[in-house]
Amino acid sequence: MRLKDKVAIITGGSSGIGKAITLGYLREGAKVVISALREPPCMETVKEAESLGGEAAYFVMDVSDLGRHKELIDFTVDKFGKADILVNDAGYARREGVFDVTPENWDKMMDINLKSVFFLSQAFAKQVISQGTSGRIINIGSVAGAMDMHPISVAYHAAKSAVMQLTRVMAVDLALSNITVNCIGPGSTITPLSASSNPEYDEYMTSGIPEGRRGQPEDMVPPAVMFATDEAAYITGQTIFVEGGAMSIYLGKSEPGFKT
């Protein structure tokens with residue numbers, strides 16, 4: 001068990017990629033606190049964790065509510081005695097053209113996908129330093145931070161690109177505090193956030209992936225575990241793209257009027 005006795009906080013841990021990482025960490029021996037917007041899926045995930053013999057708890061919150069970040073950290077420490085790993089998975093996306101983006105949509109995209117990532121990481125790092133231990137911050141970015149992923153919003157692209165740069169800069173700032181900061185960039189992955197009722201959309205997204213399939217949340221677990229281990233202490237500031245080879249070829253934009 002590579003994460004035995006470690007304590008992880010996973011935002012968005014009740015569904016999609018976050019849930020897959022939660023269960024993956026539990027199988028590796030970690031104790032996990034998940035946070036998400038709604039209580040029922042959190043309860044279901046904790047119940048599933050307990051069926052695996054793991055220890056898990058949940059904390060209902062909106063990550064864009066910065067005032068609750070310290071509450072999440074304190075809850076984790078009260079429950080499990082410390083905090084070793086933070087996975088910033090909670091996210092928000094929408095499909096919209098450049099002329100459809102409103103100031104409200106832009107701000108929501110940045111608040112959830114970028115601003116919360118920085119300030120929760122800041123609160124987590126303060127806790128790790130106060131413990132006198134090492135720490136791991138793992139951000140969930142996207143290939144949209146490095147390439148065009150139409151018809152996803154331009155605001156989402158901008159936020160995920162910023163997450164990769166945030167990862168690099170925080171890695172430098174926190175290096176001497178024994179806290180590594182890394183990023184996973186999923187390609188087109190089948191999650192509740194990315195679901196579409198249009199089979200043409202799935203066909204379009206799959207057409208740009210050399211492996212011939214969209215990703216599954218479980219595909220993100222191996223790098224998430226690796227980054228969290230003690231063996232990864234000399235890896236920091238890096239982004240690993242998990243995308244079935246999509247970044248090695250060109251995925252063209254959809255024609256105007258493409259229905260999602």
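Computed from the coordinates by the stated procedures, all read-outs in this text should not be read as laboratory data. Just so we're clear, the structure is a prediction, and the values are computed from it rather than from any experiment. Every residue, glycine as well, gets a Cβ built from its backbone with ideal geometry; the counts of neighbours run over all protein chains shown.
Multiplying the residue separation of D100 and V77 by 0.36 nm and removing their Cα-Cα distance gives an extension gain of 4.0 nm. Entry note, the chain: the mean residue ellipticity at 222 nm calculated from DSSP H runs of n ≥ 4, each adding -39500 (n - 2.57), is -12000 deg cm²/dmol after division by the residues and rounding to the nearest 500.
Only lysine pairs 8 or more places apart, or on different chains, with alpha-carbon atoms under 16 angstrom apart are counted in the range 7-243, and they number 12. Residues whose amide H comes within less than 5 Å of that of E243, counting only those at least five positions distant or on another chain, are G187 (H built at 1.01 Å from N in the peptide plane).
Two-decimal Rg/Rh of the chain from alpha-carbon positions, Kirkwood Rh? Checking Rg against Rh, the ratio lands at 0.96.
Applying a DSSP loop filter and a limit of 14 other Cβ atoms within 10 Å to the trypsin sites (Lys or Arg not before Pro) in the range 161-214 leaves R213.
Ranked by the mean number of other Cβ atoms within 10 Å per residue, highest first, peptides 115-122, 181-188, 242-249, 21-28 order as 181-188, 21-28, 115-122, 242-249.
Across the range 7-243, the relative contact order, built from alpha-carbon pairs under 8 Å that are at least six residues apart, equals 21 percent.
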